[in-house]
Amino acid sequence: MMKINQEQKRRIWNWLQNNTVANRGVNDGNKENQLTGLIGEFEVHNYLLGYYPEFSNSFDGGVDIVYKGKTIDVKTMCRTVDAKMEYANNFYACQLKYNCDIIIFVSLNRLENTIQICGWIEKKNLEKKSIFYEKGEKRYRDDGTYFKFKADNYEIYNYNLIDISWFDL
């Protein structure tokens, strides 16, 4: 669990006022969603490389970080609680085409202003370790409510991810 750097959060929010990272073409997210994604990306970048990255106005091709020669895509979900091992992370199927080696999943607790690196997986293993949901399919929650997927999606549980402490490429 790490505290979110508030200076970086403000810097990201200010940049998003005149820029966007929406490039998927489906469920690109509003400014709040993009803020969540960039916070996760920037904090993981700082965790792995020891510094925060600069902004880029060009599409990154699904590669957020290059670490020890491996390309990494960071996926962040916003929550109001800390993530547990049985919590799921989402990966849109349309992003399988992007050329990255590793996917790192992050949970952002907006109430505590913290992030948790839930774990990582080699992209080549994502389909084997996750559950696929088609666009329009219902996903039921533990409380009996549900939502419909707006795009084809892979869902992977934290217990199927590799702990970040094992991230020595």
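Points worth noting:
- E155-T80 FRET efficiency (beta carbon distance; Förster radius 22 Å; 0.05 resolution): 0.70
- Cβ-Cβ FRET estimate between V66 and E32, R0 fixed at 25 Å, reported to 0.05: 0.35
- Label selected from (1) 15.3, 44; (2) 18.5, 57; (3) 15.5, 48, the criterion being Rg and Dmax of the Cα atoms in Å as computed here: (1)
- Charging the Cβ of each Asp and Glu at -1 and of each Lys and Arg at +1, and nothing else, the dipole of region 1-99 about its Cα centre rounds to 60 debye.
- A cut-off under 11 angstrom between Cβ atoms defines the neighbours of T80, and their net charge, with Lys, Arg +1 and Asp, Glu -1, is 0.
- For region 99-169: rounded, prolate or oblate by the Cα gyration tensor [a/c cutoff 1.5]: oblate
- In this simple spin-label model, placing a label point 7 Å from the Cα along the Cα-to-Cβ direction at both K129 and R110 gives a separation of 2.8 nm.
- Entry note, the chain: relative contact order of 21 percent, from Cα contacts under 8 Å with a spacing of 6+ residues.
- Coupling constants for region 43-56 follow from the phi torsions by the Karplus curve (6.51 cos²θ - 1.76 cosθ + 1.60, θ = phi - 60°), and in residue order they are 5, 5, 4, 5, 4, 7, 10, x, 7, 8, x, 8, 7, 10 Hz; glycine and proline get x.
- Among 146-156, 101-111, the order from most to least packed when residues are scored by Cβ within 10 Å on average: 101-111, 146-156
- Under a model in which nothing but the beta-carbon of Lys, Arg (+1) and Asp, Glu (-1) is charged, region 52-169 shows a dipole of about 320 debye around its Cα centre.
- 1.4 Å probe accessible area per residue over the chain, in Å²: 56
- Surface share of carbon and sulfur [accessible, 1.4 angstrom probe, percent] for region 1-121: 47
- Estimated from helices alone, the mean residue ellipticity of the chain at 222 nm is -7000 deg cm²/dmol (sum of -39500 (n - 2.57) over DSSP H runs with n ≥ 4, per residue).
- Candidates G144, I104, L48 compared by Cα position along the dipole of the chain: farthest toward the positive end lies G144, with charges placed on Cβ.
The values are calculated or read from the model by the stated rules, or taken from the named source; none is laboratory data. Quick caveat, the model's predicted, so the values are computed rather than measured. So basically every Cβ, Gly included, is an ideal-geometry build from the backbone, and we count neighbours across all protein chains shown. Side chains included, ligands, DNA and RNA excluded: accessible areas come from the protein's heavy atoms. Shrake-Rupley method; radii C 1.70, N 1.55, O 1.52, S 1.80 Å.
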